[in-house]
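Written below as structure tokens is the structure these notes are about.
The values are calculated or read from the model by the stated rules, or taken from the named source; none is laboratory data. None of these values were measured; they are calculated from a predicted model. Please note: Cβ atoms are built from the backbone with ideal geometry, for glycine as well, and neighbour counts cover all protein chains shown. The protein model used for the area step is the full one, side chains on, heavy atoms only, and it has no ligands, DNA or RNA in it. Shrake-Rupley method; radii C 1.70, N 1.55, O 1.52, S 1.80 Å.
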Amino acid sequence: MNINATLIGELFAFVVFVIFCMKFVWPPIMGAIEARQATIADGLAASDRAAKDLELAQEKATAQLKEAKAQAASIIDAAKKRESQIVEEAAGKAEAEKTKILAAGHAEIETERNQAKEELRQQVAVLALAGAEKILERSIDAAAHSDILDKLVAEL
Amino acid sequence: MFNNGYAVINTLFFETLIFLNFNHWEHNMSSAAELTSQEYITHHLTNLTVGEGFWTFNVDTLGWSVFLGLLFLTIFRSVAKKATTGVPGKLQCAVEMIVEFVDDSVKGTFHGKNDLIAPLALTVFVWILLMNMMDWVPVDILPWIISLVSGIEMSHIYMKPVPTTDPNLTFALAGGVFFLIIYYSIKVKGIGGFIKELTTQPFGHWSLYPVNFILEVVTLLARPLALSLRLFGNLYAGELIFLLIATLGLYQLPVHFIWAAFHLLVIPLQAFIFMMLTIVYLSLAHEDH
């Protein structure tokens, strides 16, 4: 265990090494490490954010889907209502048309029947006149007896 | 001859070298006197020196420590220059792992703001780790290589390649740390504050201030002493055991392996302890009571 000038030499070397390390080794390495740590932290934060965004988007999408479904259901409901309404309306219209057509038919039939009646009456009057002429074998003044004939026609 | 023959290896990995070395030793036997175990060990614990008296330089300690320090700084500096904030390469990953490990240790203990402590801890840790790792170099391989290259007999070659087994180095490191302890104590607390800290505790009464002062100075001085002697003692003892094992002849192979494996624990642990205590002492120096 000889203590000698080696100690001075080693002390000098030690000081030089520490100063060199402090000036040229530690700062750049630590800087690189810290910069990388910051980058990684940013990346992690960004991925966290993205995950949250994704979750939100999914929630939104689900909500929108639900809303769309509800809308579709209500549209279908409305359409069904409208459909039955239309059908009812159509049925009503058809019913009205039917009654109208029936009424018209009835009216026509009535007029025709009246006409026929009228014609028949005329013809009966003529026949009666002819029959009476034959019976009387003489001409009857149609004009003079028209009141009698009219009475007859009215009785038919 | 197996009892005290030179053995080249510390570990099984150098099995072949042992035979080379035995041959070498047998060649030398004719000319050189056979070394006893004690002489062998003493020989291996002697530094290669230049100079006289105090102005002796342990060339092997200085050379290896500076070489290993430069190795550390070269590797780390090359990474620092190319350091990318993107995807790092494998070397950068390894270096960053060490840097982060040191940084975590510093941040866990020292809570002030100081740009020196972290780089200091890094230098101390890696440098001591590298120097301790020289313990794994087989005890005779370096002298053997030098002897092959230079042609000098191995018994005349002195080479102690583990710088941390030299108290000069451990005292220099602890001395540097001690200087910083004093420097920061005064810088943070002021001279008055520092003296107050040394005198007014642990006993509160003024009549006991001299006792306090003696206690505190002893505590203060014990720190660098403990720091340096712990490192020196552990590594010196480890090296000594390696040398003892090397005198066992062929039986040394498994024993060396076990001892080297045990040093997987000792080597990083001692480096870590030195670093940790450096941080702790400096953070104590920053604390204002």
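Two numbers describe the Cα atoms of the stretch B:150-223: Rg and Dmax, which are 20.7, 70 Å.
Sorting the Cα pairs of the stretch B:67-115 by distance into bins of 5 Å, from 0 upward, gives 5, 19, 22, 21, 18, 14, 2 percent per bin.
For chain B, a Kirkwood radius taken over Cα pairs fed into Stokes-Einstein (4 °C, viscosity 1.567 mPa s) yields D = 60 µm²/s.
Under unit Cβ charges (Lys, Arg +1; Asp, Glu -1), what dipole magnitude, rounded to 20 debye, does the protein assembly as shown have relative to its Cα centre?
1100
Take each residue of peptide B:166-177, count the partner chain Cβ atoms within 10 Å of its Cβ, and average: the result is 6. Measure nothing but the geometry: give the 0 to 90° angle between the long axis through the Cα atoms of B:252-286 and the longest principal axis through the Cα atoms of chain B, rounded to 10°. Orientation of helix B:252-286: about 20 degrees from the principal axis. Since only A:Ser84, A:Ser146, A:Ala68 are under comparison, the one whose Cα sits farthest along the positive direction of the charge dipole of the stretch A:64-156, derived from C-beta charges on Lys, Arg, Asp and Glu, is A:Ala68. With bins 10 Å wide beginning at 0, the percent of Cα pairs of the stretch A:70-156 falling in each bin runs 14, 22, 14, 12, 10, 9, 8, 6, 4, 1. Protein-only accessible surface at a 1.4 angstrom probe places the residues B:His286, B:His43 in the order B:His286, B:His43, largest first.
For the stretch B:49-170, the direction-averaged projected area of the alpha-carbon convex hull comes to 10.8 nm². Approximating the spin labels as points 7 Å out from Cα along Cα→Cβ, the A:Gln122-to-B:Thr42 distance works out to 17.6 nm. Charging the Cβ of each Asp and Glu at -1 and of each Lys and Arg at +1, and nothing else, the dipole of chain B about its Cα centre rounds to 940 debye. Pair-distance distribution P(r) for the protein assembly as shown, from all Cα-Cα distances in 10 Å bins starting at 0: 4, 13, 16, 14, 10, 6, 4, 3, 3, 3, 3, 3, 3, 3, 3, 3, 4, 3, 1, 0, 0 percent. Building the convex hull from the alpha-carbon atoms of the stretch A:1-99 and averaging its projection over directions returns 11.5 nm².
When Rg and the Kirkwood Rh are both derived from Cα coordinates, the Rg/Rh ratio for the stretch B:194-289 amounts to 1.25. The trypsin sites (Lys or Arg not before Pro) of the stretch A:52-156 meeting both criteria, a DSSP state outside H, G, I, E and B (loop) and at most 12 other C-beta atoms within 10 angstrom of the site's C-beta, are A:Arg138.
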